[in-house]
Amino acid sequence: MDSLAATPGTGPATNPLPVIRPGVKPRRFEDLPTGRALVMGILNVTPDSFSDGGEHAATDAAIRAGLKMHYDGADIIDVGGESTRPDAERISPEEEQQRILPVVQALVRAGALVSVDTMNASTAEKAIEAGAGIINDVSGVKLDPGMPELIARTKVPYILMHSRGSVRSQDPKAEYDDVVEDVISELTSLRDRFYEAGVTPEQIILDPGLGFAKNAEHDWALLRNIDRLTVLGHRVLIGASRKRFLGSLLTTAGKAAPPAERDNATLATSVLAASQGVWGVRVHDVAANADAVKVVAAWQG
């Protein structure tokens, strides 16, 4: 990738803010590569992220991490300011915006395509004004009523993820007659609310919401049936990275593997999902997954 700014931590500058070159044209959604699965890097600007323990909670640390993802080959950087771990407490939209907007602005200035992971229409609107090109919403059935109108008005792509409510009440809702059929039915019902607001099919990206109101058996069933999502005619995003079902799979001596030790398993899910024709994979380890999806594309010819 062409360098758009000095690599953080090298040369005379160590803070990423002054080394981002002004005037770099941000990547647009229309500029994304085709012919392979895309890689979305996960950037949690929170003090309580399940995957990194708040490593990127400070603005400068988040920008450095986002720039590294950009240089490592991330097609999209997904910036979130509110944790969705099961025991997470909700924060106000104002606090969420204080966390993420400086990061969004800096990464857009560096030429990155930024997605914003938010359940709040007010945050989504301010993020779009700051340069974000995609909205990633995990709220599911607890959809902010202002979100469909915003997405219709701004015409940005929107990731619609399956979920059954607040992150603190997911497990009791993990009951399905047929998890694949039920997830598809609930996703399409939510999608129709966006259609009614004027959102076009091309704007919608579907995410089955692995780990959200789902146990490991449900997650594996959804991954085995990715083709039943892709045939709906929308782009499909898979977010398996470091999720609990992978930790359970890698249990040793009765103890699940911690999040930081789930990247190899995540890489396997990315390869398999890419081979099934998904639009993108959402991951923590960008460099390895960026290489992997290119291998899949070359293999398939």
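The values are calculated or read from the model by the stated rules, or taken from the named source; none is laboratory data. No experiment lies behind these values; they were computed from the predicted model shown. Positions of Cβ are generated from backbone atoms using ideal geometry, with glycine treated the same way; all protein chains shown enter the neighbour counts. What goes into the accessible areas is simple: the full protein's heavy atoms, side chains included, and nothing from ligands, DNA or RNA. Shrake-Rupley method; radii C 1.70, N 1.55, O 1.52, S 1.80 Å.
Only helices (runs of 4 or more DSSP H) wholly contained in segment 140-244 count here; list those with 3 or more residues that are under 22 Å from VAL283 (Cα atoms). Outline the logic, then answer.
Numbers: elements: 147-154, 179-197, 216-224, 227-230.
By residue number, 216-224, 227-230.
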Taking segment 228-260 and keeping only residues that are in contact with a Lys or Arg (Cβ under 7 Å, 6 or more places away or on another chain), charged (D, E, K, R) and under 15 Å from HIS218 (Cβ atoms), one is left with none
Before we move on, is GLY277 touching a residue at least 12 places away in the same chain (Cβ under 8 Å) and either on the phi > 0 side of the Ramachandran plot or crowded, with 19+ Cβ neighbours inside 10 Å (or both)?
yes
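In the list ARG235, ARG242, which residue meets the criterion of being closer than 24 Å to PRO33 by Cα, open to solvent by 10 Å² or more (accessible area, probe 1.4 Å) and in contact with a strand residue (DSSP E or B) (Cβ under 9 Å, 6 or more places away or on another chain)?
Working: ARG242 fails: closer than 24 Å to PRO33 by Cα.
Being closer than 24 Å to PRO33 by Cα, open to solvent by 10 Å² or more (accessible area, probe 1.4 Å) and in contact with a strand residue (DSSP E or B) (Cβ under 9 Å, 6 or more places away or on another chain) holds for just one of ARG235, ARG242, which is ARG235.
Against the condition modelled with pLDDT of 95 or more, more than 23 Å from LEU206 (Cβ to Cβ) and either open to solvent by less than 40 Å² (accessible area, probe 1.4 Å) or in contact with a Ser or Thr (Cβ under 8 Å, 6 or more places away or on another chain) (or both), how does ALA132 come out, does it pass? Outline the logic, then answer.
Working: modelled with pLDDT of 95 or more: yes; more than 23 Å from LEU206 (Cβ to Cβ): no; either open to solvent by less than 40 Å² (accessible area, probe 1.4 Å) or in contact with a Ser or Thr (Cβ under 8 Å, 6 or more places away or on another chain) (or both): yes.
Judged against the criteria, ALA132 is not a match.
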Is it the case that segment 83-101 has a residue that's within 16 Å of ASN136 (Cα to Cα), open to solvent by less than 20 Å² (accessible area, probe 1.4 Å) and within 14 Å of the chain's Cα centre (by Cα)?
-> yes
Scanning segment 37-59 for residues that are surrounded by fewer than 18 Cβ atoms within 10 Å (Cβ to Cβ) and at pLDDT 95 or above gives none
Margin query: Quick check on segment 221-239. Is at least one of its residues at pLDDT 95 or above, among the polar types (S, T, N, Q), over 22 Å from ASP182 (Cβ atoms) and out of contact with any Gly (no Cβ under 8 Å at 6 or more places or on another chain)?
Written below: no
